[in-house]
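A.B. asks: My structure is below; once you've seen it, I'll send some questions.
The values are calculated or read from the model by the stated rules, or taken from the named source; none is laboratory data. All values reported here derive from a predicted model rather than from experimental measurement. Note that each Cβ is placed from the backbone with ideal geometry, even for glycine, and that neighbours are counted across all protein chains shown. For accessibility, only protein heavy atoms count, side chains too; no ligands or nucleic acids. Shrake-Rupley method; radii C 1.70, N 1.55, O 1.52, S 1.80 Å.
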Amino acid sequence: MAGNRCGTPLRLLPWTTPAGGACYLSTDDSESLLSLIADEAEEELLRAAEEVVTADAGPRELRRALRDVLRIAVSRGARLVQAEAQPCEHGTTERCGGKTYCCGCRRQIYL
């Protein structure tokens, strides 16, 4: 599943499909069971990456740790942008197709 459904940004999950593709979660509830599992998986991956960096790890382990940390950073960064989006003077905003729109006048808002 890729892209956004209107109103709810997709969350990039910290794991991939068996073929190596990105996995996304579509939910309005950051406390849903799958959201909480993803949060725990992120924390485990960050702990593991810290251990790899402090240990005498080889290039393969370092690349894997960097890939995991980068995926988590992208996911968290996207969620921060959405949380910080300010509504225009007409009211609330909505995300659709990667763009932010005013729910009142339906004009695109450039943040």
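A.B. asks: Is there any pair linking a residue in the range 38-66 that is touching a residue at least 12 places away in the same chain (Cβ under 8 Å) to one that is of a type in the set (S, T, N, Q), with Cβ under 8 Å and at least six apart or on different chains, and which?
C.D. replies: Hits for this filter: E42/S75.
A.B. asks: Still on this structure: Can you tell me which residue among A41, A85 is open to solvent by less than 70 Å² (accessible area, probe 1.4 Å) and at pLDDT below 75? Lay out the reasoning, then the answer.
C.D. replies: Values: A41 fails: at pLDDT below 75.
Only one candidate qualifies: A85.
A.B. asks: I'm trying to understand the selection: among the residues of the range 18-31, which are open to solvent by less than 50 Å² (accessible area, probe 1.4 Å) and of a type in the set (S, T, Y)?
C.D. replies: S26, T27
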